[in-house]
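Undergrad: Just dropping this structure here.
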Protein chains: 2
Amino acid sequence: MKSRLFAPGPTMVPEETLAAVGEAPMHHRSPEFRALYQEVTENLSYVYQTASSPLVFSSSGSGAMEATVANLFSRGDRVAVVEAGWFGMRWRDICKAFGLEVLSYSVPREEGTDADDLASWLAEQGDVRGLLLTHSETSTGTFHDVQAAARKVKDKNILFVVDAVTSLGVHELKMDEWGLDAVVCGSQKALMCPPGLSTIALSEKAWAAAERSDLPKYYFDFRANRESYEKSSQPRFTIATSLVKGLGVSLRMIRDEGIEAIVERHCRLGSAVRAGVAALGLDLFSRNPNNAVTAILPPKGIEVEQIRQALLKEHGIRVAGGQGDMNGKIFRIGHLGYYDRGDMLTVIGALEAVLAKLGVPVEPGRAVAAVQEGWGH
Amino acid sequence: MKSRLFAPGPTMVPEETLAAVGEAPMHHRSPEFRALYQEVTENLSYVYQTASSPLVFSSSGSGAMEATVANLFSRGDRVAVVEAGWFGMRWRDICKAFGLEVLSYSVPREEGTDADDLASWLAEQGDVRGLLLTHSETSTGTFHDVQAAARKVKDKNILFVVDAVTSLGVHELKMDEWGLDAVVCGSQKALMCPPGLSTIALSEKAWAAAERSDLPKYYFDFRANRESYEKSSQPRFTIATSLVKGLGVSLRMIRDEGIEAIVERHCRLGSAVRAGVAALGLDLFSRNPNNAVTAILPPKGIEVEQIRQALLKEHGIRVAGGQGDMNGKIFRIGHLGYYDRGDMLTVIGALEAVLAKLGVPVEPGRAVAAVQEGWGH
């Protein structure tokens with residue numbers, strides 16, 4: 001039986017990428033690696049839709065989130081964090097760890113952020129240096145409208161910081177056009193690589209803030225890393241060259257497909273899987289679902305773990321459970337990155353079979369037909 | 001022509017390890033990955049010769065150096081740094097970035113640290129919270145006697161912090177027996193993996209210091225990472241699972257060979273390459289060379305870059321140049337990790353041919369014979 005990863009990260013990785021990752025490591029100071037690093041950086045600019053050069057670190061996405069806080073803010077700065085799930089809380093925890101004053105704007109986890117409500121709340125908070133939010137909240141499968149929120153803060157003296165870890169390469173994201181100041185991503189999501197690299201793009205406003213920041217940093221020092229790249233297209237420290245090589249392959253595939261086509265594909269993926277879920281009589285957790293990960297409530301009387309274990313045992317399919325206090329309450333199907341219609345047929349077809357075996361009344365084939373319909377023409 | 005990496009990192013990686021790195025990524029929350037992570041941690045304890053459980057991060061060795069400073073010390077703490085090259089200076093820079101008061105003990109780069117002199121100097125410095133040094137200084141090829149220095153501070157209230165990035169798995173290092181408090185390493189050195197992972201082992205004294213530290217950290221928070229491992233054998237955040245898989249394979253090879261045999265092999269590797277260099281009439285940069293990397297002065301009238309380029313072009317061999325102000329003054333042959341006698345014959349044989357072609361009077365075969373003799377019985 002094949003092993004199939006339907007988690008919201010790590011995600012499936014193309015074989016061409018894996019082959020590159022498994023090659024003998026390049027030396028990080030060789031001209032060949034510099035050329036690759038430059039190509040990767042330029043292709044990341046394309047994905048982020050920015051004229052700036054994104055930074056790449058050996059770390060998880062959370063490392064890049066910390067890097068953003070440590071470089072853009074100063075001790076005692078007041079920042080607003082949109083808390084609508086596990087990863088919104090992570091922004092809060094990082095800001096607190098670095099001695100910032102955090103104002104929390106809570107959004108029910110089932111719902112997306114309403115930009116008008118957020119703007120009204122922000123207006124009452126006085127001076128705020130940054131607004132940090134999560135574009136696609138991986139823990140709940142909820143979409144938060146970053147573009148609408150960005151419009152509200154565009155002319156204010158606020159740094160707009162976005163966790164796009166599971167939205168970049170999934171949902172439309174136009175860094176420069178929307179006026180985003182810092183956008184964080186990780187390699188193991190829609191960038192179709194194994195985990196271990198994080199990426200960050202920064203606006204001019206963010207770079208100016210980095211000049212003023214007094215928080216301690218060394219490894220994640222944005223300015224020192226930019227200097228190294230601008231001087232010689234090199235990473236500052238030894239980077240995970242094997243993963244960079246893989247990222248190079250995946251980014252070439254992303255450019256070939258085109259970012260608009262990729263966003264459109266994820267739109268279909270989300271629509272297809274939601275149609276399948278509905279046809280199975282199951283409810284989504286989110287009322288404003290994103291196209292990266294679909295969070296599903298188990299049917300009455302069935303435990304989440306029964307479904308997850310049956311999918312794994314009988315179909316080799318690994319889906320995620322819930323994080324933190326959502327553990328046992330939802331299961332999550334990841335479909336960001338290297339996924340297509342056939343994968344959605346597989347996962348919904350398997351879910352249909354598993355539910356039937358667990359005694360849930362399902363009509364064989366109906367959910368799979370719904371996937372086809374949800375995918376569209 | 002084959003490509004042969006003789007840099008002090010990234011180093012050569014066994015094919016079995018590369019094959020594992022190139023497999024489809026494991027999910028970091030799966031039982032299979034937990035079992036692997038536990039095995040890797042236990043095998044790292046073996047390499048470090050400690051009863052404690054080393055931590056693993058997705059980062060370069062410099063990230064782990066920063067982590068050590070941020071977790072063990074507090075703002076304004078006075079620490080002593082042994083500066084004897086590029087990586088000693090890195091300890092200094094990290095400590096300064098985190099607001100520590102740094103007392104620098106300078107050692108000429110050609111020489112090893114004299115433990116008695118260091119102890120006398122330390123005794124004059126008053127209250128010092130930490131002593132940070134480099135076991136094998138990669139930039140100069142110099143060995144610093146950590147064991148002797150450790151004896152001098154063992155009973156003092158000083159945290160003894162060691163950069164063992166290019167010494168662990170090369171030179172004898174007995175973390176618990178010697179009373180070392182924090183020992184940092186990276187995957188792309190003698191651990192025979194691609195770059196992207198760092199490892200840190202900590203003493204009980206270091207863990208107690210971590211309880212008191214007031215410096216900001218999140219991603220590299222030791223206590224939170226230990227909690228995650230102790231609770232469920234998992235990394236706290238998504239780690240570079242592909243690299244961990246590779247590290248698992250390499251660590252099994254390390255256990256099979258045995259740490260004493262590995263130290264002995266590196267002793268022969270160092271001795272063999274130094275014998276070859278001497279037979280070529282070249283001088284070492286260091287008067288107290290380590291067995292990880294051999295730093296060599298070019299013959300009079302020959303540029304370092306001529307040698308490096310000829311080795312690369314004619315033999316596919318990449319050796320390192322000098323770092324910082326050592327650029328152009330030395331070249332460095334790395335031989336830590338997955339190297340054997342045959343590799344030393346290759347690199348010295350190639351160097352012999354290259355020097356002859358550059359007009360240096362060498363007797364063909366003599367240096368290669370010296371390698372055999374230097375290797376010993």
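The values are calculated or read from the model by the stated rules, or taken from the named source; none is laboratory data. Everything quoted here is computed from the prediction, not taken from an experiment. Note: ideal-geometry Cβ built from the backbone for every residue, glycine included; neighbour counts use all protein chains shown.
Undergrad: For the range A:7-25, give me each residue that is in contact with a strand residue (DSSP E or B) (Cβ under 9 Å, 6 or more places away or on another chain) and more than 10 Å from every other protein chain (Cβ to nearest Cβ).
TA: The one that is in contact with a strand residue (DSSP E or B) (Cβ under 9 Å, 6 or more places away or on another chain) and more than 10 Å from every other protein chain (Cβ to nearest Cβ): A:Pro8.
Undergrad: Is it the case that some residue within the range B:89-97 is closer than 30 Å to A:Phe98 by Cα, within 14 Å of chain A (Cβ to nearest Cβ), touching a strand residue (DSSP E or B) at 6+ places or on another chain (Cβ under 9 Å) and part of a loop (DSSP other than H, G, I, E, B)?
TA: No, every residue in the range B:89-97 fails to be closer than 30 Å to A:Phe98 by Cα, within 14 Å of chain A (Cβ to nearest Cβ), touching a strand residue (DSSP E or B) at 6+ places or on another chain (Cβ under 9 Å) and part of a loop (DSSP other than H, G, I, E, B).
Undergrad: Being part of a helix (DSSP H, G or I), in contact with a Ser or Thr (Cβ under 7 Å, 6 or more places away or on another chain) and within 14 Å of another protein chain (Cβ to nearest Cβ) is the filter here; which residues of the range A:231-273 pass it?
TA: A:Leu243, A:Gly246, A:Leu247, A:Val249, A:Ser250 - these are the residues of the range A:231-273 that are part of a helix (DSSP H, G or I), in contact with a Ser or Thr (Cβ under 7 Å, 6 or more places away or on another chain) and within 14 Å of another protein chain (Cβ to nearest Cβ).
Undergrad: Next up: Checking A:His28 against (1) part of a loop (DSSP other than H, G, I, E, B); (2) within 14 Å of chain B (Cβ to nearest Cβ); (3) touching a strand residue (DSSP E or B) at 6+ places or on another chain (Cβ under 9 Å); (4) in contact (Cβ under 8 Å) with a residue 60 or more places away in the chain, which test does it fail?
TA: If we test A:His28 against (1) part of a loop (DSSP other than H, G, I, E, B); (2) within 14 Å of chain B (Cβ to nearest Cβ); (3) touching a strand residue (DSSP E or B) at 6+ places or on another chain (Cβ under 9 Å); (4) in contact (Cβ under 8 Å) with a residue 60 or more places away in the chain, just (3) comes out false.
Undergrad: Then there is this: Can you tell me which residues in the range B:276-305 are over 25 Å from the mean Cα position of the chain (by Cα) and exposed (fewer than 14 other Cβ atoms within 10 Å of the Cβ)?
TA: B:Lys300, B:Gly301, B:Glu303
Undergrad: Next question, about the same structure. Among the residues of the range B:341-369, what is the count of those that are of a type outside the set (Val, Ile, Thr), closer than 26 Å to B:Gly9 by Cβ and surrounded by 15 or more Cβ atoms within 10 Å (Cβ to Cβ)?
TA: Adding up the residues that qualify gives 11.
Undergrad: Here's a follow-up. A:Ile200 passes all but one of (1) under 30 Å from B:Val56 (Cα atoms); (2) free of Cβ contacts under 8 Å to residues at least 12 places away in the same chain; which number fails?
TA: Tallying (1) under 30 Å from B:Val56 (Cα atoms); (2) free of Cβ contacts under 8 Å to residues at least 12 places away in the same chain, A:Ile200 fails exactly one: (2).
Undergrad: Restricting attention to the range A:123-159, which residues are out of contact with any strand residue (DSSP E or B) (no Cβ under 7 Å at 6 or more places or on another chain) and either within 18 Å of A:Leu202 (Cα to Cα) or assigned by TED's automatic domain parsing to the domain that holds A:Ala295 (or both)?
TA: Hits for the range A:123-159 are A:Gln147, A:Arg151, A:Lys154, A:Asp155, A:Lys156, A:Asn157.
Undergrad: Can you go through A:Ala208, A:Ala224 and tell me which one is out of contact with any Phe, Trp or Tyr (no Cβ under 6 Å at 6 or more places or on another chain), within 14 Å of chain B (Cβ to nearest Cβ) and without any contact (Cβ under 8 Å) to a residue 60 or more places away in the chain?
TA: Of the residues listed, the single one that is out of contact with any Phe, Trp or Tyr (no Cβ under 6 Å at 6 or more places or on another chain), within 14 Å of chain B (Cβ to nearest Cβ) and without any contact (Cβ under 8 Å) to a residue 60 or more places away in the chain is A:Ala224.
Undergrad: Determine, yes or no, whether B:Ser232 is touching a residue at least 24 places away in the same chain (Cβ under 8 Å) and of a type outside the set (A, V, I, L, M).
TA: Criteria met by B:Ser232.
Undergrad: Could we say that B:Val184 is of a type in the set (Val, Ile, Thr), more than 13 Å from every other protein chain (Cβ to nearest Cβ) and in a strand (DSSP E or B) here?
TA: Spelling it out, it is not the case that B:Val184 is of a type in the set (Val, Ile, Thr), more than 13 Å from every other protein chain (Cβ to nearest Cβ) and in a strand (DSSP E or B).
Undergrad: Still on this structure: Considering only residues that are buried (at least 18 other Cβ atoms within 10 Å of the Cβ) and either touching a residue at least 60 places away in the same chain (Cβ under 8 Å) or not hydrophobic (A, V, I, L, M, F, W, C) (or both), which ones fall in the range A:94-115?
TA: Residues satisfying the conditions are A:Phe98, A:Tyr105, A:Arg109, A:Gly112, A:Thr113.
Undergrad: A follow-up question, please. Quick one: count up the residues across the range A:216-232 that are more than 26 Å from the chain's Cα centre (by Cα) and within 17 Å of A:Cys95 (Cα to Cα).
TA: Total meeting the criteria: 1.
Results for (1) surrounded by 18 or more Cβ atoms within 10 Å (Cβ to Cβ); (2) touching an Asp or Glu at 6+ places or on another chain (Cβ under 7 Å); (3) assigned to a helix (DSSP H, G or I); (4) polar (S, T, N, Q), shown as yes or no for each residue.
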{"site": "B:Met12", "(1), (2), (3), (4)": "yes, no, no, no"}
{"site": "B:Ala19", "(1), (2), (3), (4)": "no, no, yes, no"}
{"site": "B:Tyr46", "(1), (2), (3), (4)": "no, no, yes, no"}
{"site": "B:Ser53", "(1), (2), (3), (4)": "yes, no, no, yes"}
{"site": "B:Phe57", "(1), (2), (3), (4)": "yes, no, no, no"}
{"site": "B:Gly63", "(1), (2), (3), (4)": "yes, no, yes, no"}
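Undergrad: Still on this structure, I have one more. Considering only the range A:17-38, how many residues are of a type outside the set (Ser, Thr, Tyr) and more than 27 Å from B:Phe237 (Cβ to Cβ)?
TA: Qualifying residue count, the range A:17-38: 8.
Undergrad: List every residue pair whose Cβ atoms lie under 8 Å apart, where the two residues are 6 or more positions apart in sequence or sit on different chains, the first residue falls within the range B:294-315 and is assigned by TED's automatic domain parsing to the domain that holds B:Val277 and assigned to a helix (DSSP H, G or I), and the second residue, located anywhere, is among the aromatic types (Phe, Trp, Tyr) and buried (at least 21 other Cβ atoms within 10 Å of the Cβ).
TA: Cβ pairs passing all conditions: B:Val304/B:Phe331; B:Ile307/B:Phe331; B:Arg308/B:Phe331.
Undergrad: Does B:Ala51 count as without any contact (Cβ under 8 Å) to a residue 60 or more places away in the chain and of a type in the set (Gly, Ala, Ser)?
TA: Answer is no for this residue.
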